[in-house]
Amino acid sequence: MKWAALVAWVITAGGGVVLLSIWLRRGGRRQQQEAGNRIRPPLILSHFLLAAAGLVVWIIYLRADRDALAWIAFVILAVVALLGWTMFAIWFRRRQAPVGDTAPAASSNPPEQHFPVAVVTLHGLLAVTTVVLVLLAALEVGGS
């Protein structure tokens, strides 16, 4: 279970890196000052950095086999998931808004609106899978 969690986490991280790179290339760091409902740099960067830190903790857990590390990784992952759901809600709400509903100052398409739907969907499904596998491994369900 713990190795399946590692594989799921690494693949999920790959999708996250793709999304982050799109966001950065499309000018996401400049969104701090812009009006409108957008994914701000502190949110996406916190999500990314905490996910990476949690993955490092998980790898250390696999090496050291200390139960406390599995739970620490799970708690970090739970925070990452909350941040991810927040970003998904911003992205989804903006995609669902009628074209005329945006204010003139926010009329330009934010960088996150260039995310491929398939990548967002796959990243989200893999993220949920990762959370479940990490929880099951921390609970020691399914053996090593």
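The values are calculated or read from the model by the stated rules, or taken from the named source; none is laboratory data. Given the structure is predicted, the values throughout are model-derived calculations rather than measurements. Neighbour counts run over all protein chains shown; Cβ positions are idealised from the backbone, glycine included. For accessibility, only protein heavy atoms count, side chains too; no ligands or nucleic acids. Shrake-Rupley method; radii C 1.70, N 1.55, O 1.52, S 1.80 Å.
Table for the structure above
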{"quantity": "Sulfur and carbon atoms: percent of accessible area, the range 1-141 [1.4 Å]", "calculated": "70"}
{"quantity": "0 to 90° range, to nearest 10: angle between helix 117-138 axis and the chain longest Cα axis", "calculated": "30"}
{"quantity": "Dipole moment magnitude, nearest 20 debye, the chain about Cα centre, only Lys, Arg, Asp, Glu C-beta charged", "calculated": "460"}
{"quantity": "Mean Cα-pair separation over length for the range 1-74, i.e. relative contact order, pairs under 8 Å, 6 or more apart, %", "calculated": "28"}
{"quantity": "Three-way shape call for the range 15-74 based on the alpha-carbon gyration tensor, with the a/c threshold at 1.5", "calculated": "prolate"}
{"quantity": "Heavy atoms of L135 accessible to a 1.4 Å probe, total area in Å² rounded to 10", "calculated": "60"}
{"quantity": "The chain, helix-only ellipticity at 222 nm - DSSP H runs n ≥ 4, -39,500 (n - 2.57), divided by all residues, nearest 500", "calculated": "-24500 deg cm²/dmol"}
{"quantity": "Exposure ranking of F92, F115 by accessible area [1.4 Å probe, largest first]", "calculated": "F92, F115"}
{"quantity": "Added length on full extension, which subtracts the Cα-Cα distance from 0.36 nm per residue, L82 to L122", "calculated": "12.7 nm"}
